[in-house]
1. Are any residues in the range 1-31 surrounded by 12 or more Cβ atoms within 10 Å (Cβ to Cβ) and of a type in the set (Ser, Thr, Tyr), and if so, which ones?
2. List the pairs whose first member sits in the range 269-286 and is outside any helix (DSSP H, G or I), whose second member is open to solvent by 10 Å² or more (accessible area, probe 1.4 Å) and aliphatic (A, V, I, L, M), and whose Cβ atoms are under 7 Å apart, counting only residues at least 6 apart or on separate chains?
3. What's the number of the condition Asp66 fails, among (1) open to solvent by 10 Å² or more (accessible area, probe 1.4 Å); (2) among the charged types (D, E, K, R); (3) under 25 Å from Arg121 (Cα atoms)?
4. Report, ordered by the first and then the second residue, all pairs with beta carbons closer than 6 Å, sequence separation of six or more or different chains, a first member in the range 9-38 that is hydrophobic (A, V, I, L, M, F, W, C), and a second member that is in a loop (DSSP other than H, G, I, E, B).
5. Among the residues of the range 177-217, how many are assigned to a loop (DSSP other than H, G, I, E, B) and under 21 Å from Pro139 (Cα atoms)?
6. Quick check on this structure: which one of Val105, Val62 is under 23 Å from Val129 (Cβ atoms) and either without any contact (Cβ under 8 Å) to a residue 40 or more places away in the chain or acidic (Asp, Glu) (or both)?
7. Does Ala195 satisfy the condition of being of a type in the set (A, V, I, L, M) and at pLDDT 95 or above?
8. Return the residues of the range 69-90 that are hydrophobic (A, V, I, L, M, F, W, C) and either surrounded by fewer than 18 Cβ atoms within 10 Å (Cβ to Cβ) or in contact with a strand residue (DSSP E or B) (Cβ under 6 Å, 6 or more places away or on another chain) (or both); say none if nothing qualifies.
Amino acid sequence: MPVDQWKSEYPFETKYLSIGKFKYAYIDQGKGASPVLAVHGNPTWSFYWRRLISGLQSSHRVLAVDHMGCGNSDKPQDYPYSLAQHRDNLVTFIDALDLRNVTLVVHDWGGAIGLSAAVMRPERIARIVITNTGAFPPPYLPKRIAACRWPILGSIGVRGFNAFARAAITMATAKHRRLPENAAAGLLWPYNSWANRVAIDRFVRDIPMAPDHPTYRVLSELEKALPTLGDRPILMVWGMLDWCFRPECLRRFQKIWPQAEVLELSDVGHYVMEDAPEQTVAAIAHFLATNEHD
């Protein structure tokens, strides 16, 4: 494949917001009074949302951020890569761009980051779309992720051999699907060195498995606050073959928001936007058309 051929799928101008000493990258495409804000997880970046951006930009303003250490954002080596810091960065972004009447779309770690930002700025969030994520202390830790947390060896695998991001290329989609070369290359592009994989490693290590972990408290407080967002239209699109955020995570959200619309994709894995982009974008577009004036 020609070098950077993947960029044909991501023809968007990257913009930057300075947060402290560092640059926070984002995409801002289209126009509309009801902005759509897409928040990615680990180990992806705004490239993951390329089809959502392309699919909605003719009718909506669509924004997609790169968390610090991810995508085109700066990748400082000495930085507090914690859920609380990522949340605060997103809140700073929302305030700086004065985003209002927002439809928040989240995936993976983007769920905890985006929803905790929504709790801090509820007056700016009008609608919520969640896809294969969690916003509560993790009820389990898959073994293949736990291995990446081993002292020393875990970081060597994640940062030295890019084991986490490379594994996701095959493990995060349904078993019978293989990511096209452009998609795989684009997802991996920002994480091409030990230094550039710092956030991937820190995301994995920020998964709290005991109450004494600082992020455990942040997630516990978030879970308690989730019902306060329940008066908004909510859509949940879930890949039911996901081994990481399994269907039990969806059921947990349904208990919190029993009124939410739910689309279960029986043949889809963790990377919903890679396994079923057309179906997911169509569902979100219909959700917006039905609810954007609420």
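The values are calculated or read from the model by the stated rules, or taken from the named source; none is laboratory data. Bear in mind that the values here come from a model prediction, so they are computed numbers and not experimental data. Heads up, the Cβs are rebuilt from the backbone with ideal geometry, glycines too, and the neighbour counts pull from every protein chain shown. Note: accessible area is taken over every heavy atom of the protein model, side chains too, but ligands, DNA and RNA are not part of it. Shrake-Rupley method; radii C 1.70, N 1.55, O 1.52, S 1.80 Å.
1. Tyr10, Thr14, Tyr16, Tyr24, Tyr26
2. Going by the 7 Å Cβ cut-off, the qualifying pairs are Gly269/Leu241.
3. Condition (1) is where Asp66 drops out.
4. Short answer, once both residue conditions are applied: Phe22/Asp74; Phe22/Pro76; Ala25/Asp66; Ala25/Gly71; Ala25/Asn72; Ala25/Ser73; Ile27/Phe12; Val36/His60.
5. 8
6. One residue alone meets the criteria, Val62.
7. When the stated conditions are applied, Ala195 passes them.
8. Ala84
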